[in-house]
Amino acid sequence: MGGAPSSGTGYSALDPAATGPAPEVPGARRGGTVTVYAQAAPDSFDPTDIDDEAAEEIGKLLFRTPTQLTMRSGRPVLVPDLTDLGTVSADRLTWTFKLRTAARYADGTPVTVTDLAYAIKRSFAHDAHPGGPTYQLSYFAGGDTYKGPYTSGDSYPGVATPDGDTLVIHLRRPFPDLPFYLSYPLFTPIPPGKDTRELYRNRPLATGPYQFDTFIPGAGLTLKRNPYWDPRSDPARHQYPDAWDFRWGGEQVRNQQQVLDSNGADAAALDYETVDPSLIPRLTGSRASQLVTGDSPCTTVLNLDSRKIPLDVRKAIAMAYPAGQLARAEGRTGYVAQPASTIMPPSVPGWRAYPALPNLTGTGDGAPLAARDILRAVGRLGFQLSWYYDNTRPVPQRMNEIQADALRAAGFTVTPIGVSTAELRARTSDYDAPVNVGQSPGQWCADWPTGGAWFPVLFQSHSVTDGDSWGMLRDPALDAQIDSVAALPADQRPARWMALDQQIMSRYVLIPRFHDRLAIVVGTRIGGAEGDSSLAMPLLTNLYLRG
């Protein structure tokens, strides 16, 4: 399992038999300090609060979790970490996970299954830890009433530890992708007696190959080796560098120029933020090898409200849509994005490029006159379209002009509504607002690499109520179809999710724009660099320094 994918449909996203140590990276050597630059600092290093890509990737160096995502042949694969991948009961409401290793914290004390259970309980204290993911609130038994150990005490019906090797999770409703969710940092074990609550973020206990050395919130973090990490038990991580030096702040282009120049210590550095377009002309010759590219978990679309726009009109919008002009206005290149014709991005195991639906290719400058003919034929000339846009920044203003001009030329009556950057998110999130195009989310980045992180979230009736809908569909038949795919054995789901992708695209409830791509720069001594497509970050656990 976990071999190189072909079309994707025969590729497994799970390897339940994986064991440590992780396969060696060719040419890897131990030693040295890797410097990592970025302009913006992660929000938190309290594992319960982590829900941004940078902190999650850095967390792979620090925190072992019940399961873990690693990369094989450019694709994400879920492997056992502290536990196996779990077994589920016949009613799909109880999952049982068995400890696989006698791990230790960086202070030498043993990890216990009670610590894993406590971490789950701690995640319900959302008043104290508001930044983390919240799937447990809706899926886990008692998640709607339990408020965490600080307020509700230790008794919680959603988790049990019947013996020293077993973790049991009880659900309110089936959650087929629970093993993927357990790879999140919030599931790393935390000893109840060492939970310093709001101070825990400043020095969390490590179980991974590295631990905190020094930390200045918002400015810098250094990591040193964790002597109690055992590579023989870990199928996903390495411990090649002696230390890591994360430096946040500074100007992005300057940071990336330093990495490309690779003078002195910067030869052992990288910048994990997307390469600035102004530097792309420098990525030629010997510097071309300093660019690391890969897939991402994100798709950007134009959302169409199917409650307010009939199908024929949605098809006319797609025909008129000036995708190419908008890409040029954004300065988007093939390094950082690829045109989208599917809902899911290529990073999802099982993805395949089916024949694109007419005018849903993410390319071209549109055909407004042909779109006008469609509107005329269905008696919809002058159909009203309205959307919010950011009227305080030049690029969104220019993109709004391009979109409005194209749709006017197609025979629509358009009413763009300009708002400030600060207002935009709240306005586009209001599904009762007087607009019918461009409601949020305009981009979706899946929380784990399966169709279960896309279709049940974005296309079921509850998605409208949840505020995470593409197309505003309320279709009981589609709800049932999504549920039926989610209930299939794991190896049968990828192909069925892809078929559903094609089926929903045929309803023209969105216009796919692009899939993000990873594009970052590394110094000349950085080895083992590859993308982590589950996070659109460099896979830090495989990096080493060349001699």
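A few points about this structure:
- Among the residues making up segment 186-200, a single one is among the aromatic types (Phe, Trp, Tyr) and over 13 Å from Pro66 (Cβ atoms): Tyr200.
- Subset of segment 56-92 (residues that are under 16 Å from Thr161 (Cα atoms) and of a type in the set (A, V, I, L, M, F, W, C)): Leu82, Val88
Matching residues to (1) over 22 Å from the mean Cα position of the chain (by Cα); (2) surrounded by fewer than 14 Cβ atoms within 10 Å (Cβ to Cβ); (3) touching a residue at least 12 places away in the same chain (Cβ under 8 Å):
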position	(1), (2), (3)
Phe124	no, no, yes
Tyr150	yes, no, yes
Gly153	yes, yes, no
Ala160	yes, no, yes
Tyr200	yes, no, yes
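- Residues satisfying the stated conditions in segment 235-257, i.e. under 22 Å from Gly31 (Cβ atoms) and either under 25 Å from the mean Cα position of the chain (by Cα) or not hydroxyl-bearing (Ser, Thr, Tyr) (or both): Ala236, Arg237, His238, Gln239, Pro241, Asp242, Ala243, Trp244, Asp245, Phe246, Arg247
- Any pair with Cβ under 8 angstrom, 6 or more apart, that starts in segment 222-241 at a residue that is at negative phi and surrounded by fewer than 22 Cβ atoms within 10 Å (Cβ to Cβ) and ends at one that is among the aromatic types (Phe, Trp, Tyr) and assigned to a loop (DSSP other than H, G, I, E, B): Tyr228/Tyr105; Gln239/Trp229
- Residues considered: Leu78, Leu137, Leu61. Of these, the only one that is in contact with a helix residue (DSSP H, G or I) (Cβ under 7 Å, 6 or more places away or on another chain), in a helix (DSSP H, G or I), assigned by TED's automatic domain parsing to the domain that holds Pro47 and touching a residue at least 12 places away in the same chain (Cβ under 8 Å) is Leu61.
- Qualifying position, being among the aliphatic types (A, V, I, L, M), over 23 Å from Asp447 (Cα atoms) and either part of a loop (DSSP other than H, G, I, E, B) or touching a Leu at 6+ places or on another chain (Cβ under 6 Å) (or both), among Ile309, Ile280: Ile309
- Test for Trp444: is it part of a strand (DSSP E or B) and either under 25 Å from the mean Cα position of the chain (by Cα) or not assigned by TED's automatic domain parsing to the domain that holds Ala490 (or both): yes
- Test for Asp213: is it assigned to a loop (DSSP other than H, G, I, E, B) and out of contact with any Pro (no Cβ under 8 Å at 6 or more places or on another chain): no
- Qualifying residue in segment 286-301 (condition: surrounded by fewer than 22 Cβ atoms within 10 Å (Cβ to Cβ), in the same structural domain as Val435 (by TED's automatic domain parsing) and more than 26 Å from the chain's Cα centre (by Cα)): no
- Among the residues of segment 462-492, those identified as on the phi > 0 side of the Ramachandran plot and surrounded by 13 or more Cβ atoms within 10 Å (Cβ to Cβ) are Gly471, Met472.
- Selection status of Leu116, closer than 16 Å to Ile190 by Cβ and under 28 Å from the mean Cα position of the chain (by Cα): yes
- Inter-residue pairs, beta-carbon under 6 Å, first part of a helix (DSSP H, G or I) and in segment 170-198, second of a type in the set (Phe, Trp, Tyr), 6+ apart: Leu178/Trp95; Phe180/Trp448; Tyr181/Tyr135; Pro185/Phe63; Pro192/Tyr118
- The residues on offer are Gly208, Gly218, and the sole one that is exposed (fewer than 14 other Cβ atoms within 10 Å of the Cβ) and either modelled with pLDDT under 95 or in a loop (DSSP other than H, G, I, E, B) (or both) is Gly218.
- Residue within segment 508-531 that is surrounded by 23 or more Cβ atoms within 10 Å (Cβ to Cβ), of a type outside the set (A, V, I, L, M) and under 27 Å from Pro21 (Cβ atoms) present: yes
- Meets criteria (out of contact with any strand residue (DSSP E or B) (no Cβ under 6 Å at 6 or more places or on another chain), of a type outside the set (Lys, Arg) and either buried (at least 18 other Cβ atoms within 10 Å of the Cβ) or at negative phi (or both)) for Ala106: no
- Of the residues making up segment 31-58, those that are more than 14 Å from the chain's Cα centre (by Cα), part of a loop (DSSP other than H, G, I, E, B), on the phi < 0 side of the Ramachandran plot and not polar (S, T, N, Q) are Ala40, Ala41, Pro42, Asp43, Phe45, Asp46.
- Matching residues in segment 502-547 - criterion: being in the same structural domain as Ser469 (by TED's automatic domain parsing), polar (S, T, N, Q) and assigned to a loop (DSSP other than H, G, I, E, B): Ser506
- Selection within segment 89-101 - without any contact (Cβ under 8 Å) to a residue 12 or more places away in the chain and either in contact with a strand residue (DSSP E or B) (Cβ under 9 Å, 6 or more places away or on another chain) or closer than 12 Å to Ala490 by Cβ (or both): Ser89
The values are calculated or read from the model by the stated rules, or taken from the named source; none is laboratory data. The shown structure was predicted, so the numbers you read here are calculated from the model rather than taken from an experiment. Backbone-built Cβ (ideal geometry, glycine too); neighbour counts: all protein chains shown.
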